[in-house]
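The values are calculated or read from the model by the stated rules, or taken from the named source; none is laboratory data. As the structure is a computational prediction, the values presented were derived from the model and not from experiment. Ideal geometry is used to build each Cβ from the backbone, glycine not excepted, and the neighbour counts take in all protein chains shown. Remember, those area values only see protein heavy atoms, side chains included, never the ligands or the DNA or RNA. Shrake-Rupley method; radii C 1.70, N 1.55, O 1.52, S 1.80 Å.
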Amino acid sequence: VPSKLFGIMAAGRASLFVGPEEAEVGRVLDETGGGLRFEIGDAAGLASAIRGFAEDPSSLAAMSRRALEAARSVHHHDRRLEQWAEMLEAVAGVQSDRAGVAAATGGR
């Protein structure tokens, strides 16, 4: 699913997300360690995390490195676009010749 999160990760920045556990953003942050997710209403937890980063900037730097690493590997934009195309094809009930398109465009 298109999201600003992947651009943030590609910039090597950790993210703080407030939202439901089942949201893709929260799932990605949990899986990659590139940020933290907080339940709606967990102001104390969010504030505690921000204070923690202020007290220990190295923990924020490590989280940012994990975000960048994930953006360069498993969440690389080419893979995300491929997943988006697969989802659209499934919804539309069609299949495209992405391999042929990739060969014709040099993989882009």
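Can you say whether Met63 is part of a helix (DSSP H, G or I), modelled with pLDDT under 85 and either among the basic types (Lys, Arg) or closer than 24 Å to Glu21 by Cβ (or both), as far as the supplied structure shows?
no
For the condition in a helix (DSSP H, G or I), modelled with pLDDT under 95 and open to solvent by less than 80 Å² (accessible area, probe 1.4 Å), what is the one hit in Leu5, Leu81?
Leu5
Going through region 9-32 one residue at a time, which ones are part of a helix (DSSP H, G or I) and crowded, with 18+ Cβ neighbours inside 10 Å?
Within region 9-32, Met9, Val25, Gly26, Val28, Leu29, Thr32 qualify.
Name the single residue, out of those in region 66-78 being within 9 Å of Thr32 (Cβ to Cβ) and modelled with pLDDT of 75 or more, that is surrounded by the most Cβ atoms within 10 Å (Cβ to Cβ).
Ala67
If I ask for residues that are at pLDDT 70 or above and open to solvent by 70 Å² or more (accessible area, probe 1.4 Å), which ones from region 93-108 would you list?
Result: Val94, Gln95.
Write out, first by first residue and then by second, each pair whose Cβ atoms fall under 7 Å of each other, whose residues are 6+ apart or on separate chains, and whose first residue, in region 1-26, is of a type in the set (Phe, Trp, Tyr) while the second is open to solvent by less than 50 Å² (accessible area, probe 1.4 Å) and in a helix (DSSP H, G or I).
Phe6/Ala71; Phe6/Arg80; Phe17/Val25; Phe17/Gly26; Phe17/Leu29
What number of residues within region 33-55 are open to solvent by less than 70 Å² (accessible area, probe 1.4 Å), among the charged types (D, E, K, R) and assigned to a loop (DSSP other than H, G, I, E, B)?
Going through region 33-55 one residue at a time, the tally reaches 1.
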